[in-house]
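Have a look at the structure below before the remarks.
The values are calculated or read from the model by the stated rules, or taken from the named source; none is laboratory data. Quantities reported herein were computed from a predicted structural model and do not represent experimental measurements. Here the Cβ positions follow ideal geometry from the backbone for every residue, glycine too, while neighbour counts run over all protein chains shown. These accessible areas exclude ligands, DNA and RNA; they are computed on the full protein's heavy atoms, side chains included. Shrake-Rupley method; radii C 1.70, N 1.55, O 1.52, S 1.80 Å.
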Amino acid sequence: GGSGALGVGGDEVETEDLCCPISLAVMSDPVTAMDGHTYERANIEEWLETHSTSPMTNAQLPSKMLIPNHRMRAIISTVLDKRRRTP
C-alpha cells in the first residue's frame with residue numbers, strides 16, 4: 001500500500017476508500033444509497049434534494065432510501081483511532 005494505506009483486520013485500507021465521493025472528505029456518517037455506493041449522509045441527502053440519479057453513475061435510482069453503513073463506520077473509526085496513536 002501507499003502512504004495513505006493503513007491495515008485494518010489484516011486488510012490495507014486506502015484513505016480514499018473512506019472518503020465520500022461527493023465531498024472527497026473522510027466520512028463520519030456513511031450511508032449506502034440504492035446505487036450501492038457509500039456516501040456521507042449530509043452530502044447524499046443534499047444531492048437527492050435536487051436529483052433522482054446516482055452521483056457516481058448518473059443512473060436513475062429506484063429509491064432515495066439510504067441505509068446506514070455500520071461496517072464502513074467501524075472501519076473509519078478504527079483507521080482514525082490507529083492514525084491518532086501512530087506517531
For region 48-55, Karplus couplings with θ = phi - 60° (6.51, -1.76, 1.60), whole Hz, Gly/Pro x: 6, 5, 10, 9, 10, 10, 6, x
Table column - 3J(HN,Hα) (Hz), region 38-47, Karplus curve with 6.51, -1.76, 1.60, x for Gly and Pro: 9, 9, 5, 3, 4, 5, 6, 4, 5, 4
Local electrostatic count at Leu48 - Lys and Arg +1, Asp and Glu -1, tallied over other residues with Cβ under 14 Å: -3
Ranking by accessible area, most exposed first, for Met72, Met65 with a 1.4 Å probe: Met65, Met72
Computed Rg/Rh of the chain, alpha carbon atoms with Kirkwood Rh: 1.03
Most to least packed among 19-28, 39-48 [average Cβ atoms within 10 Å]: 39-48, 19-28
Ellipticity estimate at 222 nm from DSSP helix runs (n ≥ 4, -39,500 (n - 2.57)) divided over the chain, nearest 500: -9500 deg cm²/dmol
Percentage relative contact order, the chain, counting C-alpha pairs under 8 Å, at least six apart: 26 percent
Accessible area per residue, Å², the chain with all protein chains present, probe 1.4 Å: 62 Å²
